[in-house]
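Some notes on the structure that comes next.
The numbers here are math on the coordinates, done by the rules we state, and not lab data. The structure presented is a predicted model; accordingly, all values stated were derived computationally and were not measured. All Cβ positions, glycine included, derive from the backbone under ideal geometry; neighbour counts span all protein chains shown.
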Amino acid sequence: MHTSLEELISQPMIYSLQKSTHSRETLTKILKAHPNIQFVSVVAVDLGGNDTDEKIPISLFLEDMEEFLSNGVQTDGSSVMLQGIATLNNAKVDLIPDLDVTWFIDYNYDHFHDESGLPVGTLRIPAFIEHNAKKVDSRSILKRTVDYFTHQVKGLFTDYPHLLEELNISSVDDIAEVTLTTATELEFWVKTPEDYADEEKLSTSQMLKEQYWKKTKGSVRTALEETIILMDKYGFEPEMGHKEVGGVTAKIGISGKLNHVMEQLEIDWKYSTALQCADNELFIRELIEEIFESHGLEVTFMAKPIEGVAGSGKHAHLGASMRLKSGKYVNIFAPNNMKSNYLSSIGWGALMGLLKNYEVVNPFVTATNDAFNRLKPGFEAPICIVASVGHSTEIPSRNRTVLVGLVRDNNNPLATRFELRAPNPTSNSYLTIAAAYQTMLNGIKAAVESKMDSKSLEMEFSKKAGEDKFYLEKDRAYRSEEDVFEDYTEEERTVLFGKPPATVWDNLKGFANHQAKKEILFEGDVFSEVIVNSYTISILDKWVMELIGRIIVDNMILVRNCKKLHGAENVTDLDVVNWEKVNAMRNYLMKDSLERKSLFTLIREAVEEENYDLVSALQLEMSEKITQLKQLYAIYRRNLLLEVNGYHENFRI
């Protein structure tokens, strides 16, 4: 929705500035009309997904705006995650404002401007990180993806006229532009501070579906409503906010207000262009956190904050369309006849490219220990490289067990898109979307060059494992309309769809083990070997530091809290046996002796030796043993007559 300059100046508070306002003259008029906007912040996103935030007085911005918008600000590369790029002896980086996207005003509702009485605002300007005259940040990678993808696709319509006929377009000259339409969503947990998660109650509530789509109450309801209202003011066009599957019913405290809040929520908003979509999500995350925290609620965007209960996803919706010079939009993934075909030939190519090359997309999608905790069978989180398009063209796909689902509406071809279900709130959306579209373009080129029609490409995509086709790998299957977890054994899934990585290290090895697929990321100079290496170092360092400094430390606390609780009275031989099992597991995990080293010690030593294959294997063993310890201790406590203050697992933020 476009707002005129006169309207912006007359409004007491403004929330966003569109591309058309990004000139010195216009910005000066707007900012002088809103003196409560006191600061400017240049927001760049490094390869680790971290965004910069600094407070530059608005007076300095107004004084030398042209220089600021052209050359940005300089900073030390040590403050951003660019390992191997911004080195100690060459650390200077520039933050260059992006003039082609929407800017947002971030208001501090705890700090008011003296003269106007309005909240103090900070103009947040999205930016690129430049090092040695090269843009090396997450935003610039996605920007290059968009430019390359749209240019290449438009060229395909010039070189292969049968595409025009398939989409009912008269001439390539009718095409004004190609646009990537992208959307994300956010699932997250909220809780009252210092409360603990009762895994058994949460799991039972989830199995009974007691929370999904239920009415929000109290401070959660207020915060959710405020978030949606404010999102609308910013122009994000929120579509829905609701309870997700996880959570338990809150209790009413002495004050009459709800306490012991522990709920999972989801907020959705309208799609946008690819880069704007990622920028919007970045701002909305912070908006959610600040609003809920103002109501005394903690927010976590962890992928799996509580073991045994549904984690939080952030599905990415990937589409592409053309705007014709007549003003009409054409979805290039949608077939000309929605009732007879699932996808256009370009759509089939995009889907094949994403799945065939997913091994080099996945390291950007799932990059943390927490994220891998979410990707386990039984929680609607995909672990297999497989897609669903629907049982028939009349019945849309609703298979929630696959990696990619085809979203389509026979009455609205523009809605045709792919839902990538693996991303979580910790995924770097800029890099995830960029890598996805790069691989999709590779499949599109292959499909177009084959000159196969939609029906033939459907047969290609629906191949069985062992069938030799022109593009997809022979030994793999890529389509399943069945429940991936219920209708296949683990062995069958591995044979059909490949063995999924189980740790961060397993996933990062996708770059080294699939060199040809990695080269696809480099096409159009979108990614580079330097960038992929920098990203790999960053994620590897984070994996190891978190493993040693947090996970093992937390597990040590857990082991120590599994204490002997029975005394001499009311004790049975079963209590003794149960405790011996618990204690044996405690010793295996944590206690060194002259003859044997504990599992924790073995992991530390493997990290010191940089034997990451061994670290990965030991981490999986540790996760399995910790789960067993919890189960053994629960069985042990269950048989005790006295009420005991035993182990509680924190809902960790």
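Observations, loosely collected:
- Neighbour counts of C-beta atoms inside 10 Å place His566, His162 in the sequence His162, His566, starting with the fewest.
- Under a 5 Å amide H cut-off, with hydrogens placed 1.01 Å from N, Ser312 pairs with Lys304 among residues at least 5 apart or on other chains.
- Descending semi-axes in whole angstrom, ellipsoid equivalent of region 551-601, from the Cα gyration tensor: 25, 13, 7
- Alpha carbon Rg of the chain, scaled by the compact-globule rule 2.2 N^0.38 Å: 1.03
- Here the sum of -39500 (n - 2.57) over DSSP H runs of 4 or more residues, divided by the residues of the chain, equals -12500 deg cm²/dmol at 222 nm, to the nearest 500.
- The translational diffusion coefficient of region 5-135, from Stokes-Einstein at 25 °C and 0.890 mPa s with a Kirkwood hydrodynamic radius over alpha carbon pairs, comes to 158 µm²/s.
- Span-like helix ranges in the chain, DSSP H, alpha carbon extent 18 angstrom or more, Kyte mean at least 0.0: 218-234, 274-294, 429-450, 529-546
- Dimensionless Rg over Rh [region 352-471; C-alpha; Kirkwood]: 0.97
- Calculated FRET efficiency, Thr273 to Arg560, Cβ-Cβ distance, R0 = 60 Å: about 0.70 to the nearest 0.05.
- Relative packing of peptides 275-287, 400-412, 587-599 - highest average C-beta neighbours within 10 Å first: 275-287, 400-412, 587-599
- Pairs from the table (Lys328/Lys451; Lys243/Lys376; Lys243/Lys270) lying more than 24 angstrom apart at Cα are Lys328/Lys451.
- Expressed as a whole percent, the proportion of Cα-Cα pairs in region 454-582 lying more than 24 Å apart is 62%.
- The H on the amide N of Val40, modeled in the peptide plane, is under 5 Å from the matching H of Ile56, Ile58, Leu123, each at least 5 residues off or on a different chain.
- Exposure proxy ranking, count of Cβ atoms within 10 Å, fewest first, for Met440, Met622: Met622, Met440
- Considering only Cα atoms, the convex hull volume of region 495-653 works out to 175 Å³ per residue.
- Length available on full extension from Thr3 to Lys499: 0.36 nm per residue minus the Cα-Cα distance, which gives 173.4 nm.
- Here the simple spin-label model places points 7 Å from the Cα toward Cβ, and for Lys325 and Ala133 these points are separated by 3.7 nm.
- Amide proton proximity set for His113, modelled H, under 5 Å, gap of 5+: Leu118, Val120
- Region 469-532 - convex hull of the alpha-carbon atoms, volume per residue in Å³: 132
- Unsatisfied cross-links (Cα-Cα over 27 Å) in the set Lys154/Lys233; Lys92/Lys143; Lys463/Lys518: Lys154/Lys233
- Under the criterion of Cα pairs below 8 Å and six or more residues apart, the relative contact order for the chain equals 13 percent.
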